[in-house]
1. Could you check how many percent of all C-alpha pairs in segment 162-201 are farther apart than 12 Å?
2. Relative to the longest principal Cα axis of the chain, at what angle does helix 120-130 sit, 0 to 90 degrees, rounded to 10?
3. For a test of the definition: using alpha carbon positions, the gyration tensor, and the 1.5 limit on a/c, classify segment 42-168 as rounded, prolate or oblate.
4. Which parts of segment 1-23 would a label at Asp172 reach, counting a residue when its backbone N lies under 11 Å from a point 7 Å out along Cα-to-Cβ?
5. Taking 0.36 nm per residue of separation and subtracting the Cα-Cα distance, what length does fully extending Arg227 through Glu251 add?
6. State whether segment 185-239 is rounded, prolate or oblate according to the following rule on the C-alpha gyration tensor (a ≥ b ≥ c being the square roots of its eigenvalues): a/c under 1.5 gives rounded; otherwise a/b larger than b/c gives prolate, and the remaining case gives oblate.
7. For the chain, max minus min Cα coordinate along each principal axis, in Å, sorted largest first?
8. Post the alpha-carbon centroid distance, segment 4-79 to segment 85-120, in whole angstrom.
Amino acid sequence: MSSSPLAGKRILLSRAAAQLPELAGQVSDRGGIPLLFPCLAVEVMHDEITQALSLAGQYSDVVFTSANGVDAVAQAVAGSGQSFSRALAGMRVAAVGARTAIRLQQYGVQPAIVPEEASQDGLIDAYVSSGLPCQLLFFRAEEGRDALVEALAGQGVGVTMVTAYRTVCPDDDASAVQALLRADAVDAVLLGSARAASHYVQRIGSVELASRPVIVVISAAMADAARKLGLRVQLVAKSASFEAMLDALAEYYMPSSPERGV
């Protein structure tokens, strides 16, 4: 991979610890050097999930908007001694994003709806095409947009939102990464959510130090959120995916890249 624009580049990955090995593999496949620095820890809301699933028969559809949400529900279901696929039986399953769909498949659940656009807006369009739910069970993070709920409510669809998990800031020692940043030994940082960006700054302890590498974000909305934190965002992915962030970074490191002033 010596010919890759990312060859030898030290790329800091900030997602939850469970997601980092797969992402690190993608960086390595492009010749980069992954630096694992989880800025999200997942706290599963067992009681809320269990209570919602006890009423699963009331719902025609269930939607997951992240792999973390799938993992959270699966963990809660496992604790009750039930299988994941049985817990969702009888409901049409929707997944926002390819990673969410893949994670469902790994638990033996085949989503019926995966919108082309990996967003709540894309899911709204998919429901319009595939048929609106009668009653929807929506597992989500504690924070998030309400676009889906508002749009479906306008169509007379009842939506029950369940907080499946919340993301918190890891509290392990960050001094090694802080030292790498001070030594300019990190080339780029990939940030996939506003919460990850906030926790990244919190863990580093200085927005100036945190901004030393090339900052790559997953969307324009994410760029706005990161800039409000004081981060100097340099690259925005063309689509909301980890691969697109790597693509943007690879393009940046191309010798003829105008963004580098070459």
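1. Of the Cα pairs, 69 percent sit more than 12 Å apart.
2. 40 degrees
3. It is rounded, given that a/c, with a ≥ b ≥ c, falls under 1.5.
4. 17-18
5. Extra length available between Arg227 and Glu251 comes to 6.5 nm.
6. oblate
7. 57, 38, 35
8. For segment 4-79 versus segment 85-120, the Cα centre distance is 14 Å.
Every number in this text was worked out from the coordinates using simple rules, so none of it is lab data. Everything numeric in this text was worked out from a predicted model, so none of it was measured. All Cβ positions, glycine included, derive from the backbone under ideal geometry; neighbour counts span all protein chains shown.
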